[in-house]
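Asks: Structure provided below as structure tokens; questions to follow.
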Amino acid sequence: MEIRFANPIHPGEMLREEFLEPLGLSAGKLAKGLGVPRTRIERLIREETGITADTAARLGRYFRTTAQLWLNLQTSYELDCIHADAKRQAMLDAIEPLPRPDLDGEAA
């Protein structure tokens, strides 16, 4: 069973709401701690850009999480956006899956 939110949650929102605000961190302070340009963090928390593997690795190290956590947030967001878009979902639904003899009851 998949759980979907009405509006996909951008990883920048998660960063802003669950990390920066509770910890009293500014985009500038985080950027300095990560060794990246301040604009990279500002654009991320304004939800203008996504998380790259490089940023994920840096965030994981800084917040003592994993890079995979941040990449999973990004991937989930992108997939949720596809499923939330009715036109894209209709295009996906129109794709006929490749038959798998071992799963579809056909002789091998």
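Asks: Quick one: length gained pulling residue 64 to residue 52 fully straight, 0.36 nm per residue minus the C-alpha distance?
Replies: Taking residue 64 through residue 52 to full extension adds about 2.6 nm, to one decimal.
Asks: For the chain, treating each Cα as an identical point scatterer without solvent, what Debye log10 I(q)/I(0) comes out at q = 0.10, 0.14, 0.19, 0.22 1/Å?
Replies: Calculated log10 I(q)/I(0) at the listed q: -0.41, -0.65, -0.95, -1.16.
Asks: Working out 0.36 nm times the residue gap between residue 93 and residue 19, then minus their Cα-Cα distance, what length gain in nm do you get to one decimal?
Replies: The residue 93-residue 19 span can extend by a further 22.9 nm.
Asks: For each of 16, 38, count neighbouring Cβ atoms within 10 Å of the residue's Cβ, then give the residues from fewest to most.
Replies: With the sparsest Cβ surroundings first, the list reads 38, 16.
Asks: Compare the Cα positions of 92, 72, 24 along the charge dipole of the chain (+1 at Cβ of Lys, Arg; -1 at Cβ of Asp, Glu; about the Cα centre) and return the one farthest towards the positive end.
Replies: The one lying farthest along the dipole's positive direction is 24.
Asks: Quick check on the exposure proxy: order 76, 26 from fewest to most C-beta atoms within 10 angstrom. Each step should come with its number before you reach the end.
Replies: Details: 76 15, 26 12.
With the fewest neighbours first, 76, 26 line up as 26, 76.
Every number here is computed from the coordinates shown, using simple stated rules; none is lab data. Quick caveat: nothing in here was measured; it's all calculated off a predicted structure. Quick reminder, even Gly has a Cβ in these numbers, built from the backbone with ideal geometry, and neighbours come from all protein chains shown.
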